[in-house]
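Any read-out appearing in this document is the output of simple, stated calculations on the displayed coordinates, not a laboratory observation. The model shown is predicted, which means the values in this text are computed figures rather than measured ones. Cβ coordinates were reconstructed from backbone atoms using ideal geometry, including for glycine residues, and neighbour counts include every protein chain displayed.
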Amino acid sequence: MEIRQSILKSGLRVISAPRPQIESVSFGIWVNTGSAEESLVDNGISHFIEHMVFKGTKKRNSLQISEDIENVGGSTNAYTSRHFTCFYAKMLKNDLELATDVICDFITSPLFDENEMIKEKEVVVQEIKQSLDTPDDLVFDYFQEACFPNQATGRTILGPIDTVRGFTKDRMLEYMKNHYTAENMIVAAVGNVDHDSFVKMIEERMSNIPCKQNLNTDKQEYVGGSRLECKDIEQTHLVLGFNGASYMNDDYYKYAVLSTIFGGGMSSRLFQEIREKRGLVYTINSFNQALKHAGVFGVYAGTTPNELNELLPVVSDEIKKLLNEPVKDIELQRAKTQIKASLLMSLESSSTTAEVIARQMLLFNRVIPTNEIVEKIENITKEDLLKVSQTIFSSTPTYTLLGCDKSKFPSYEDVQKMLK
C-alpha cells in the first residue's frame with residue numbers, strides 16, 4: 001500500500017493512500033482525544049462537541065451541512081471513543097474538495113449556537129437514557145468503572161446527564177483550543193486522490209489551527225473489583241475480566257490470538273463448551289480491549305438467572321485449561337488465520353484503511369506495514385500463549401453482573417475462589 005505524507009508548517013500531518021482504480025475517496029480528521037482525556041467536570045464533552053459541530057458552522061447551518069454532502073451522493077458522520085474523536089466523509093473523487101470544506105469547518109469554525117446547544121443537550125440526554133435501557137451496554141459501563149475506578153478511562157464516553165446539561169460554549173471552545181491542535185490530529189484520505197492537491201485543500205482550510213497541545217492526561221492503571229446490580233430484565237449479563245495489554249505492549253498480538261482461541265468465534269473454546277455442548281447461553285465471547293497505556297482481557301455472556309451458577313464454574317474451568325495446557329496446533333493456526341484474514345479483508349475498505357492509517361499515526365507516529373503485523377502474528381508460539389495466560393489470569397479479576405434476581409448472583413468472593 002502506497003502511503004504519502006506531508007507535514008504542514010503548523011505540524012499537522014496530512015496522509016493519503018491513493019487507489020486510482022476506484023471512483024470514491026474516504027476522508028477524515030482524527031483527533032487524539034476522547035473520554036479518557038477528560039477531567040471529571042468535562043466528562044462527555046468530547047462526545048458533545050462531536051454532536052454540536054453538525055448543528056452549524058460559520059459557513060453552514062445543520063441542514064446545509066447535510067444537503068451539501070448528500071446532494072452529491074456522499075455521506076458524513078462522526079464518532080467519539082475513549083481515545084479518539086473522528087469526523088469523516090465518503091464521496092466521489094470529484095467532490096473531495098467539498099467534503100474537506102465541510103469537515104474542516106467542523107474543526108475551525110463551529111458555531112456552538114446557544115439555542116442549538118439547549119436542544120442538542122436533550123438529544124444527548126436521550127442517548128444516555130437509551131444506553132441505560134440497554135443492559136449489554138450498561139454492564140460494560142459498570143465493568144469499565146470497576147476496572148479503572150476514579151480514572152477518566154473508567155468513566156462513560158457519553159458522560160452523566162447533569163454534567164452534559166452544564167456544558168457551555170466557552171468551555172467547549174477552551175477544550176478544543178487545548179486538544180484540537182495540529183500535533184494532536186491526523187488528516188487522512190484513501191481512494192482516488194491526488195496527494196498534492198489534497199494537501200493544498202487542507203492547508204488552505206486549516207493553516208490557522210493552534211500548533212501546541214495543552215493536555216493533562218489522566219493515569220490508566222488497571223485495578224479490578226466488582227459491581228453487581230439488579231435490573232428488571234429477562235437475562236443476566238455478565239462480564240469477567242483481567243489486566244490486559246495496551247496498544248504499546250509488545251505482546252499485543254499474543255493477547256489477540258489467545259482471545260480468538262478462547263472465545264473469538266463459533267469454533268472457540270467458550271462457544272463450543274458453553275453454548276454448543278451445554279446450552280447455557282445464547283451469546284458468549286472473549287475480548288481483548290486495548291487502550292493507550294492499559295488494557296483488559298475479558299469474557300462477556302448473557303444467560304438466565306437459573307443457569308448463572310453453572311456458567312461461572314465452566315468459564316473458570318476453561319480459564320484453568322489455558323493456564324495449565326498448551327493450546328493445540330490446530331487452534332493456534334486457526335486463530336492466526338482468522339486474525340490475518342480479518343486484517344487483510346478490512347483493508348479492502350477505503351474507510352477502514354483511512355481509520356487504520358490515522359490511528360497508527362496517532363499511536364505510533366508511523367503507518368505499520370501489513371507484512372510486519374502478519375509476521376508478528378506468524379511468530380507466536382504455543383509457549384507464548386501459555387506465558388500470556390499466566391500473566392493475564394494472575395491479575396485481580398473484575399466481575400460485573402446485571403440481572404433481576406440478586407439472590408442468585410455469585411459474589412465476588414465466590415468468583416475469586418473459583419478462579420483459584
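Note on segment 41-60 and segment 114-191: Cα centroid distance 10 Å, given to the nearest whole angstrom.
The magnitude of the dipole of segment 4-206, with charges of +1 and -1 set on the Cβ of Lys/Arg and Asp/Glu and taken from the Cα centre, is near 480 debye. The listed peptides 87-99, 319-331, ordered by packing as a protection proxy, come out as 87-99, 319-331 (highest mean of other Cβ atoms within 10 Å first). Shown for C104, C230: other C-beta atoms within 10 Å of each C-beta, ranked fewest to most, produce the order C230, C104. Under 13 Å between alpha carbons, and skipping anything fewer than 8 positions from K321 in its own chain: which aspartates and glutamates qualify? In chain and number order, the partners are E273.
Computed over the alpha carbons of segment 1-101, Rg followed by Dmax gives 15.4, 48 Å. Once Rg and the Kirkwood radius are both taken over the C-alpha atoms of the chain, their ratio Rg/Rh works out to 0.99. The alpha-carbon of K129 sits under 15 angstrom from the alpha-carbons of these aspartates and glutamates, leaving out residues fewer than 8 places away in its chain: E120, D137, D141, D162. Placing unit charges on each Cβ (+1 for Lys and Arg, -1 for Asp and Glu) gives segment 251-390 a dipole about its Cα centre, and among V356, A256, S342 the Cα reaching farthest toward its positive end belongs to V356.
Summarising the amide proton neighbourhood of T283: residues at separation of 5 or more, or on other chains, whose placed amide H is nearer than 5 Å comprise G302. Only Cα sites of segment 225-419 enter the Debye sum here, all with the same form factor; the resulting log10 I(q)/I(0) across q = 0.14, 0.17 1/Å is -0.85, -1.15, listed in q order. In terms of other Cβ atoms within 10 Å, D141, D170 run from fewest to most in the order D170, D141. Between segment 368-406 and segment 266-310, what is the separation of their alpha carbon centroids in Å? Value for the Cα centre distance between the two parts: 14 Å.
Here the chain is treated with +1 on each Lys and Arg Cβ and -1 on each Asp and Glu Cβ, and its dipole about the Cα centre works out to around 740 debye. Structure note, pairs K340/K382; K292/K320; K58/K200; K254/K376: Cα-Cα distances above 19 angstrom occur for K292/K320; K58/K200.
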